[in-house]
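First the structure, in the form of structure tokens, and then the observations on it.
The values are calculated or read from the model by the stated rules, or taken from the named source; none is laboratory data. As the structure is a computational prediction, the values presented were derived from the model and not from experiment. Cβ atoms come from the backbone with ideal geometry, glycine included; neighbour counts cover every protein chain shown.
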Amino acid sequence: MTESSQPGERAGRGMLIAAWVIGLALLTWVFGLWEERKDNPNMNPESYSSQGVSEVVLRRNRSGHYVASGHINNEEAVFLLDTGATDVVVSQDLADRAGLEAGARQQAQTANGRIQVRATRLDRLQLGSIELRNVSASINPSMGGDKVLLGMSALGQVEFSQQGDQLTLRYIE
């Protein structure tokens with residue numbers, strides 16, 4: 001028998017290739033989680049709630065922004081805090097999943113110029129232990145995914161203070 005025709009050699013090579021493929025897939029997955037954590041260090045924001053006061057402590061991401069995971073009408077969302085935005089701004093995809101009604105057409109001024117948005121209201125916006133109800137918002141059909149600009153229609157209802165790379169949001173019910 002030649003070396004290349006020994007029983008089980010073909011199966012052994014297949015197992016080795018499968019192990020390499022699985023190993024590379026796991027490394028890709030772990031690296032993706034690591035990258036996502038750097039972009040959103042607040043996937044599970046640090047929250048406190050006591051006697052009608054809720055606090056959420058956020059950490060800045062590597063770009064210097066405050067990004068945090070939360071919910072709109074029980075749908076997962078990723079908030080980018082934006083004190084320069086008048087409203088909370090959601091994508092059309094998220095608006096559809098969250099059951100948001102598109103109201104009156106409005107013009108909005110963005111860094112990229114004027115765009116047309118639709119007015120809406122959020123029944124429930126949750127960021128950690130902070131829960132806001134009946135929040136004014138806009139649907140931006142040109143935005144994609146689960147990203148949400150968390151503007152002053154929500155942030156105006158909370159106190160916030162920054163110290164170092166931490167931002168503390170405080171809501172008094």
- Task: Please work out which one of (1) β-branched (Val, Ile, Thr); (2) more than 14 Å from ASN73 (Cα to Cα); (3) crowded, with 20+ Cβ neighbours inside 10 Å is the condition THR168 fails and give its number.
- Result: (3)
- Item | Criterion (more than 15 Å from THR168 (Cα to Cα) and either modelled with pLDDT of 70 or more or under 15 Å from the mean Cα position of the chain (by Cα) (or both)) met by exactly one of ALA18, ALA68, ALA25 | ALA18
- Would you pick out the residues in segment 128-144 that are exposed (fewer than 14 other Cβ atoms within 10 Å of the Cβ) and either assigned to a strand (DSSP E or B) or aromatic (Phe, Trp, Tyr) (or both)? ARG133, ASN134
- Query: From the list LEU100, LEU125, which residue is crowded, with 17+ Cβ neighbours inside 10 Å and assigned to a strand (DSSP E or B)?
  - Reply: LEU125
- Query: Can you name the residue in segment 121-156 that is in contact (Cβ under 8 Å) with a residue 40 or more places away in the chain and among the basic types (Lys, Arg) and is also farthest from GLN109 (Cα to Cα) among such residues?
  - Reply: ARG124
- Item | Residue under evaluation LEU169, criteria (1) in contact (Cβ under 8 Å) with a residue 60 or more places away in the chain; (2) in a loop (DSSP other than H, G, I, E, B), criterion not met | (2)
- Item | Matching residues in segment 145-159 - criterion: being surrounded by fewer than 16 Cβ atoms within 10 Å (Cβ to Cβ) and in a strand (DSSP E or B) | GLU159
- Item | Extreme residue, nearest to the chain's Cα centre (by Cα), among residues of segment 71-97 that are part of a strand (DSSP E or B) and among the aliphatic types (A, V, I, L, M) | VAL78
- Message: Being more than 21 Å from ASN61 (Cα to Cα), surrounded by fewer than 17 Cβ atoms within 10 Å (Cβ to Cβ) and modelled with pLDDT of 90 or more is the requirement here; does ASP87 meet it?
- Response: no
- Taking the stated definitions as given, is THR120 at pLDDT 95 or above and either more than 16 Å from the chain's Cα centre (by Cα) or in a helix (DSSP H, G or I) (or both)? yes
